[in-house]
Every structure is written in C-alpha cells, then in structure tokens.
Amino acid sequence: MGLSITQKIISSHLVEGEMTPGKEVAIKIDQSLTQDATGTMAYLEFEAIGLPLVKTELSVSYIDHNNLQVGYENADDHRFLKSAAAKFGVYFSRMGNGICHQVHLERFGVPGKTLLGSDSHTPTCGGLGMLAIGAGGLDVATAMAGYPFYLSMPQVVNIRLHGKPAPWVSAKDIILEVLRRLSVKGGVGRVMEYTGEGVAHLSVPERATITNMGAELGATSSLFPSDEVTRTFLAAQSRGHNFTGLLPDPDAVYDEVVDIDLSGLEPLIALPHMPDNVVQLSVVAGKKVDQVFIGSCTNSSFTDLMKVASILKDKTVHPEVSLVIAPGSRQVLKALASNGGLADLVGAGARILECACGPCVGVGQSPPSGGISLRTSNRNFEGRSGTADAGIYLVSCESAAAAALTGKITDPRELGQPVEVALPQSYPVDDSMIIPPPENRDSQDLVRGPNIKPFPKSYPLGSSIKGAVLLKVGDNITTDHIMPAGAKILALRSNIPAISMYAFERVDSSFARRAQEAGGGLIVGGANYGQGSSREHAVLAPLYLGIKAVIAKSFARIHMQNLVNFGLLPLIFENEGDYDSIEAGDTLVLEKLPDSLPTNKITVYNASKNMTYHVKHSLSDRQVKILKAGGLLNYVRG
Ligand code: MIC
Ligand code: SF4
C-alpha cells in the first residue's frame with residue numbers, strides 16, 4: 001500500500017509506536033522554533049530539564065509577538081531570550097527580523113524534516129513539504145532536549161486541488177473554502193495533505209497561507225508536496241541545497257478525500273467571530289469598514305504585499321479607513337523597499353508597522369467601539385483585537401486592499417484588470433539579524449529581570465478531587481478566552497502569578513478572584529474546549545489558581561496536551577447531555593483517582609444535585625503516567 005507524504009515523514013522519524021490512526025506515536029524532531037510570548041516559559045522549562053545544550057539539528061528563538069515596550073517587562077523578556085539562545089545553542093532572530101513562521105519558511109524550513117514550534121501556526125512550513133506541528137512550550141523544551149514528540153497518529157485527509165483560481169481569487173480564499181466546508185473542528189486528529197494538479201499553480205508562500213490556517217481547522221498539521229515550485233523557491237532563497245523532492249506514492253491511501261475546484265471559487269470572507277463562519281464576500285459587500293490590517297503569518301509575504309502595492313498605486317486610502325500593513329519579515333520589507341512597492345503603499349496612505357505580529361495578537365490597531373476591521377490574519381475570535389464589541393472579518397490581501405480604497409467591503413473583482421506579480425528570481429537574503437549561537441558558551445548566564453518568575457509547580461494527581469464548578473462555558477472556547485493576549489497582558493507572559501489575574505477576564509472577570517477565594521475548583525466546557533493557540537498560559541494560569549480538572553464535551557489537541565503536561569485532568573462527558581445538568585457553583589466529587597484512569601471508568605458525583613455522571617478520557621498510557629507523575633517535567637526528569 002502506497003504512503004502519503006505525511007506517512008512517509010512520520011515513518012522516517014518514527015521512534016516508537018504503530019502508525020495506526022488514533023494510536024500514540026513518537027517521532028524525532030529535527031528543528032524547533034519558539035517565539036517571545038511562549039519562549040520564556042519554554043527556555044525556563046528547558047533549563048529545568050537540566051541539559052546544557054539543545055539536541056535538535058536546529059532551534060531558533062524568534063522575537064516577533066510583543067514588540068511594544070511600554071515598561072521594562074518585555075525588554076527583560078527579550079534580553080532573557082537572547083541569553084538563553086546563546087547559552088543553550090539556539091539561533092536568535094532579533095526583534096525586527098520578522099514573524100517566526102514567515103522567517104522560518106524563508107530561511108530554515110527543509111522538505112521532509114520535522115519542526116515543532118511553540119506556536120499553533122507552526123504548520124506554515126508545511127508549505128515547503130515539512131511536517132511542522134504546533135505544541136506547548138514544555139513539549140518544545142523536551143524536544144529541544146532530544147526527547148521524541150508524542151502525538152496521536154493522525155488520519156490523513158487528501159485535499160485535491162483541481163484547476164486554477166480565477167483572477168482575484170487567492171490562496172486565502174482556498175483555505176477559507178476548506179474552513180467553510182470542514183469547520184474549526186474539522187481537522188482534529190488529522191493532517192491535511194494537499195495534492196492535485198492545482199497545487200502547481202500555487203507558489204510556496206501561497207501554499208504556506210493554506211497550511212498556516214490549517215491551525216484554524218484544529219488540524220495536527222497541513223502540508224504540500226515538495227516539487228519544482230519548492231525547488232524554485234528554495235533556490236530563490238539561496239537554499240537550493242535544502243531541496244529534496246517529496247510526493248505521495250501514486251497509490252497512497254487516504255482516510256478521506258476532499259475535492260476542490262479552484263476555478264469555481266469566489267472571493268470569500270469569514271464573518272465574526274469564528275474563522276469558519278465563511279460566506280461569499282459579495283454577500284456582505286457594501287458594509288462600512290473602519291480599519292484594514294494587512295499582515296500576520298498568514299498573508300504577509302512579498303507577493304502578497306506587492307499585490308496590495310499594485311492595487312493601491314497612485315490612489316489614496318479611503319478617508320474613513322485606517323490601513324496598517326505589517327510585512328512578515330525584514331526580507332519582505334527590503335524587497336518592497338528596493339522595487340518601489342513600499343513607496344506605493346506609503347504614497348497611498350498606508351501606515352507601515354514593523355515586521356511582527358502586531359494587531360493580529362492585539363498589539364496595536366484595536367478597532368473603535370463597535371467598529372469593523374477587515375484583516376488578512378487567521379483568527380477573528382471575539383475580543384482578540386482588543387475591542388470587545390468589534391467585528392473582525394478575515395479576507396485575502398486583494399479584498400483587504402479593495403476595502404481600504406472604497407471604505408466598505410468590496411468584491412475585489414470590481415477593481416477591474418487583475419494585478420499580476422511575478423515571483424522574484426531571488427529574494428534579498430540577509431541573515432545578519434539572526435545571531436548564531438556562540439562557539440564558547442562557558443561564560444554565558446541567563447539574564448533574568450524582575451518580571452521573570454519561576455513557573456508554578458504541578459503535583460501528582462491526588463486520589464480524589466472535590467471542588468465547585470467555578471466556570472461553565474459553551475462550545476469552541478478559545479485560549480484567547482481562557483488567557484487573553486494583547487499588549488497589556490502579553491507583557492506578563494513570564495510572570496504567572498500576575499498574568500493569572502486575567503484568566504477568563506473577557507468571559508467572567510470575577511473568575512480569578514473567585515478561584516483564589518475558593519482555593520481552586522473545576523471548569524466545565526463544551527466541545528472543542530481550548531481551540532486556537534498553543535499558549536501554555538491557558539493552563540499555567542488555571543494551575544496557579546488551583547484548578548484541578550476540566551470536564552468538557554471535547555478538547556482541542558494542543559490545549560489538552562498542555563493540561564496533561566502540567567498535571568491537570570482533561571475529562572470528557574460520556575453522555576453529552578450531562579453537560580446540561582451541571583450548573584456553575586455545583587460541587588463535584590471525583591474519587592478513586594488515579595486508579596480509575598487506566599480502566600477509563602470514571603464517575604463524577606454532583607453533590608449539589610445528587611447526580612452521578614460517567615466521564616472518560618482520551619489519554620494514552622504514557623499521558624496517564626505523566627498525570628500520575630505530576631506533569632511532563634517531573635516525568636522526564638524521572
Ligand atoms: C496566536 O496567534 O494566538 C499566538 C499568539 O501566536 C499563539 C501563541 C501565543 O499565545 O503566544 C499561538 O497561535 O499559538
Ligand atoms: Fe503572530 Fe498572529 Fe501568526 Fe499568532 S497568528 S503567530 S499572533 S501573526
């Protein structure tokens with residue numbers, strides 16, 4: 001039986017396990033990446049593992065998320081990260097060099113290799129035929145320490161692309177179509193593998209737009225073949241030596257096949273407040289727009305921004321619209337500067353932000369109250385922009401540029417002649433903002449400022465859990481709900497006691513106080529609890545506040561692993577209807593733990609209602625052992 005690309009990469013990296021979907025496998029990790037908002041924890045955790053040096057082939061620490069320094073906190077974090085990179089043998093991509101995923105795609109990604117990153121959009125490098133997976137900081141720290149990465153062997157979904165996109169339809173519209181069809185839960189436990197004759201029409205940065213937003217499907221990863229398009233891209237990055245071809249076997253067997261006719265697609269748009277709330281853009285055309293943000297790891301490549309420059313050339317941004325553009329990397333910005341594209345953007349009135357995540361993570365350009373912001377980014381979760389009642393719409397660069405000119409949601413096809421941007425023969429390669437680890441590390445200390453506090457201790461699972469339901473939430477609760485980002489809160493990423501006070505702030509601002517007063521308790525969630533980011537803080541804060549278990553209808557992959565990594569019990573309702581009979585404030589009692597975990601027959605007694613529920617888990621034996629050990633750090637340290 002032939003193999004898919006995913007199966008080929010997993011089998012060539014397999015350390016343990018059987019490649020049967022749903023069974024746990026362990027794979028060797030070749031490369032890792034961290035970013036500043038998750039990186040401080042990851043390197044503190046690596047320090048706690050106790051190794052002097054990373055064991056991966058390549059590890060890179062990026063500074064890209066929180067570049068707004070309104071106090072010492074961030075600057076201290078960045079200084080710590082620079083010292084940790086030098087001490088542990090990690091490349092350090094300085095602030096201003098760009099967004100981790102864009103820079104990694106340009107400078108480091110290699111077809112056929114594995115990459116683990118402490119950011120959920122790590123699958124961006126799947127655009128190069130890499131198996132790139134997002135994970136929590138502790139998983140990345142253990143991978144840097146040379147331990148394999150454990151995952152549930154994914155099903156492989158073959159998304160076959162047919163034909164060629166019509167003018168004004170772009171890669172963003174393709175992934176929005178996938179989200180429209182499969183939903184934000186559609187990728188859970190799966191890798192999305194793109195094939196078909198249509199892939200030849202997509203450049204590597206366009207492929208990366210699609211694999212990037214596979215994170216919004218909840219997918220373990222997404223990838224494209226490594227073909228002539230990949231070879232050309234790597235050569236243009238002066239990295240022709242990194243090319244290896246990688247295609248699925250002609251008789252590869254997939255768990256599911258999805259066919260998409262690219263020529264039939266229209267410009268699409270995701271309406272507030274979920275990335276799968278997708279409709280044809282023409283349906284909402286005419287709606288007034290206050291802001292447009294072009295950038296993020298989804299749509300900030302050279303070609304993306306050149307298209308925008310061509311659309312805006314010799315025109316002026318609508319008087320009612322504030323347009324900001326954040327190039328994905330310094331390479332993109334340099335290329336735009338040298339070919340005149342930057343002058344066209346500035347000439348039209350675009351505000352150029354630095355090469356970083358910026359508004360995507362709530363750092364800058366929060367919309368006005370009740371405002372409408374059109375964005376090329378990947379997440380439109382409620383409140384993530386920094387404005388609770390704003391409406392965020394996700395679109396392609398072409399659609400964003402069209403709205404910037406007209407002041408309303410506009411079908412880009414109305415702009416007339418399509419813009420053509422030729423792919424560069426070569427990109428302006430300049431790695432001078434990436435500091436390689438020094439040869440001599442003997443004198444290198446970790447530099448800690450006052451904001452860098454030790455992470456909270458996790459404890460072995462006790463024999464019983466008794467506590468009140470401190471919060472009951474609905475379906476699709478994101479990590480942005482659990483532990484919001486934004487400039488103010490991001491500055492506290494290295495200070496768990498301080499950041500914990502913001503847990504669930506936008507859902508119930510009394511949560512942290514109540515949890516502290518009660519000395520902890522439980523959380524009840526709906527389906528896909530913890531979707532979105534990889535941030536461990538969505539577990540570290542509840543841990544700090546004394547939360548012992550989360551009972552939900554289902555969990556998102558990275559968040560569930562993060563819960564286990566820090567010794568919090570993720571349980572699933574056997575009967576989803578039981579969710580309805582639990583109320584916030586009810587006292588729940590779980591007994592005979594952890595002995596009932598191996599048999600997976602766990603009962604929850606609701607002492608307030610005198611009712612008993614059956615719950616289960618989807619943990620492997622290894623994950624149960626991690627819980628018994630009191631988290632992954634204790635487990636690997638033995
Ligand atoms: C995000 O897009 O939500 C983030 C910010 O990049 C997160 C990481 C973080 O919270 O630091 C992610 O996607 O994992
Ligand atoms: Fe940064 Fe936004 Fe991408 Fe997250 S999704 S890595 S915040 S650009």
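The values are calculated or read from the model by the stated rules, or taken from the named source; none is laboratory data. These numbers come from a predicted model, not from an experiment. Quick reminder, even Gly has a Cβ in these numbers, built from the backbone with ideal geometry, and neighbours come from all protein chains shown. Please note that ligands, DNA and RNA were not included when accessible areas were found on the heavy atoms of the full protein model with its side chains. Shrake-Rupley method; radii C 1.70, N 1.55, O 1.52, S 1.80 Å.
What's the number of the condition S296 fails, among (1) away from ligand 1 (no atom under 16 Å from the Cβ); (2) within 29 Å of V178 (Cα to Cα)?
Failed condition: (1).
Does I496 qualify as being in contact (Cβ under 8 Å) with a residue 40 or more places away in the chain, surrounded by fewer than 24 Cβ atoms within 10 Å (Cβ to Cβ) and in contact with a Ser or Thr (Cβ under 7 Å, 6 or more places away or on another chain)?
no
Find the residue count for segment 97-134, including only residues that are within 25 Å of L3 (Cβ to Cβ) and either at pLDDT below 95 or more than 12 Å from ligand 1 (Cβ to nearest atom) (or both).
The total comes to 17.
Could you go through segment 378-387 and let me know if any residue there is away from ligand 1 (no atom under 16 Å from the Cβ) and at pLDDT 95 or above.
yes
List the pairs whose first member sits in segment 135-153 and is within 14 Å of A37 (Cα to Cα) and at pLDDT below 95, whose second member is buried (at least 23 other Cβ atoms within 10 Å of the Cβ) and of a type outside the set (S, T, N, Q), and whose Cβ atoms are under 8 Å apart, counting only residues at least 6 apart or on separate chains?
none
Are there any pairs with C-beta distances below 6 angstrom linking a residue in segment 374-388 that is farther than 20 Å from A503 by Cβ to a residue that is at pLDDT below 95 and within 14 Å of ligand 1 (Cβ to nearest atom), with the two at least 6 apart or on different chains, and if so which?
Qualifying pairs under 6 Å: none.
Quick check, is V332 within 16 Å of ligand 2 (Cβ to nearest atom), among the β-branched types (V, I, T), surrounded by 23 or more Cβ atoms within 10 Å (Cβ to Cβ) and closer than 20 Å to D119 by Cα?
When the stated conditions are applied, V332 does not pass them.
Which helices (runs of 4 or more DSSP H) sit wholly inside segment 498-602 and have at least 1 residues that are within 16 Å of ligand 2 (Cβ to nearest atom)?
Result: 537-544, 557-565.
What's the total number of residues in segment 337-373 that are away from ligand 2 (no atom under 13 Å from the Cβ) and out of contact with any Asp or Glu (no Cβ under 7 Å at 6 or more places or on another chain)?
17
Give segment 550-583 a look and list any residue that's of a type in the set (S, T, N, Q) and surrounded by fewer than 24 Cβ atoms within 10 Å (Cβ to Cβ), or say none.
S554, N575, S581
Anything in segment 349-372 that is more than 27 Å from A236 (Cβ to Cβ) and away from ligand 1 (no atom under 16 Å from the Cβ)? List them, or say none.
G349, R351, P367, P368, S369, G370, G371, I372, listed by residue number.
What strands (runs of 3 or more DSSP E) lie completely within segment 147-227 and have 2 or more residues being surrounded by fewer than 24 Cβ atoms within 10 Å (Cβ to Cβ), among the polar types (S, T, N, Q) and under 22 Å from the mean Cα position of the chain (by Cα)?
In segment 147-227, the matching strands (runs of 3 or more DSSP E) lie at 155-162.
Residues that are open to solvent by less than 10 Å² (accessible area, probe 1.4 Å) and more than 16 Å from ligand 2 (Cβ to nearest atom): list the strands (runs of 3 or more DSSP E) wholly contained in segment 1-42 that include at least 3 such residues.
Ranges flagged: 24-27.
Could you list, in sequence order, all residues of segment 85-96 that are open to solvent by 10 Å² or more (accessible area, probe 1.4 Å), within 16 Å of ligand 1 (Cβ to nearest atom) and not in a loop (DSSP other than H, G, I, E, B)?
Residues satisfying the conditions do not exist here.
Against the conditions (1) among the acidic types (D, E); (2) under 32 Å from the mean Cα position of the chain (by Cα); (3) open to solvent by less than 70 Å² (accessible area, probe 1.4 Å), where does D586 fall short? Just the number, please.
(2)
Please work out which one of (1) among the polar types (S, T, N, Q); (2) touching a helix residue (DSSP H, G or I) at 6+ places or on another chain (Cβ under 8 Å); (3) touching a residue at least 40 places away in the same chain (Cβ under 8 Å) is the condition S83 fails and give its number.
(2)
Write out, first by first residue and then by second, each pair whose Cβ atoms fall under 6 Å of each other, whose residues are 6+ apart or on separate chains, and whose first residue, in segment 239-260, is within 22 Å of G109 (Cβ to Cβ) while the second is open to solvent by 40 Å² or more (accessible area, probe 1.4 Å).
F243/R231
I want to confirm something. Restricting to segment 499-528 and keeping residues that are aliphatic (A, V, I, L, M), over 23 Å from F455 (Cβ atoms) and surrounded by fewer than 24 Cβ atoms within 10 Å (Cβ to Cβ), which single residue is farthest from ligand 1 (Cβ to nearest atom)?
A527
In the list S282, S300, which residue meets the criterion of being open to solvent by 40 Å² or more (accessible area, probe 1.4 Å) and among the small types (G, A, S)?
So the residue among S282, S300 that is open to solvent by 40 Å² or more (accessible area, probe 1.4 Å) and among the small types (G, A, S) is S282.
Tell me yes or no: at least one residue of segment 321-329 is among the β-branched types (V, I, T), within 27 Å of the chain's Cα centre (by Cα) and open to solvent by 40 Å² or more (accessible area, probe 1.4 Å).
No: segment 321-329 contains no residue that is among the β-branched types (V, I, T), within 27 Å of the chain's Cα centre (by Cα) and open to solvent by 40 Å² or more (accessible area, probe 1.4 Å).
When segment 374-433 is examined, which residues are found to be outside any helix (DSSP H, G or I), surrounded by fewer than 22 Cβ atoms within 10 Å (Cβ to Cβ) and among the hydrophobic types (A, V, I, L, M, F, W, C)?
A388, V419, V421, A422, L423, V429, M433 - these are the residues of segment 374-433 that are outside any helix (DSSP H, G or I), surrounded by fewer than 22 Cβ atoms within 10 Å (Cβ to Cβ) and among the hydrophobic types (A, V, I, L, M, F, W, C).
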